[in-house]
Amino acid sequence: MSFGAWIKAHYDEKGPAIWLAFFLEAVSALVLFGLMALTCVDVVGRYLFNSPLHGGTEL
């Protein structure tokens, strides 16, 4: 199955909105993963190395 066929099978939008929906979903997933990784690094640094990530609370 090609990538374009997979997108059309999993999204209800029509026309260029389908690619916009996929792009926005991918960006939000990457941002969420980045925040999760930042939290993990901050917790590991705080409890194992006694050195939290500087500015982690603000981020």
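Derivation of every value follows stated rules applied to the coordinates shown; laboratory data play no part. Small disclaimer: the values here were computed from a predicted structure and weren't measured. Here Cβ is always computed from backbone atoms with ideal geometry, including for glycine, and neighbour counts include all displayed protein chains.
Along the positive direction of the dipole of the chain (beta-carbon charges: Lys, Arg +1; Asp, Glu -1; about the Cα centre), which of GLY56, TRP6, LEU35 reaches farthest?
Positive-most Cα among the choices belongs to TRP6.
To the nearest 0.05, what FRET efficiency results for LEU32 and THR57 with a Förster distance of 22 Å applied to their C-beta separation?
For LEU32 and THR57, the calculated efficiency is 0.75.
Using only alpha carbon positions, build the gyration tensor of the chain, then give the equivalent ellipsoid semi-axes as the square roots of 5 times its eigenvalues, largest first, whole angstrom.
Listed largest to smallest, the semi-axes of the chain are 38, 12, 6 Å.
In degrees between 0 and 90, to the nearest 10, how far off the longest principal axis of the chain does helix 17-47 point, with axes built from Cα atoms?
Long axis of 17-47 versus the principal axis of the chain: about 10 degrees.
When the chain is modelled as a GNM with alpha-carbon springs shorter than 10 Å, which of GLY34, GLY15, GLY45 fluctuates the most?
Looking only at GLY34, GLY15, GLY45, the largest GNM fluctuation is found for GLY15.
Run the helix sum for the chain: -39,500 (n - 2.57) per DSSP H stretch of 4+ residues, divided by residue count, reported at 222 nm to the nearest 500 deg cm²/dmol.
About -22500 deg cm²/dmol.
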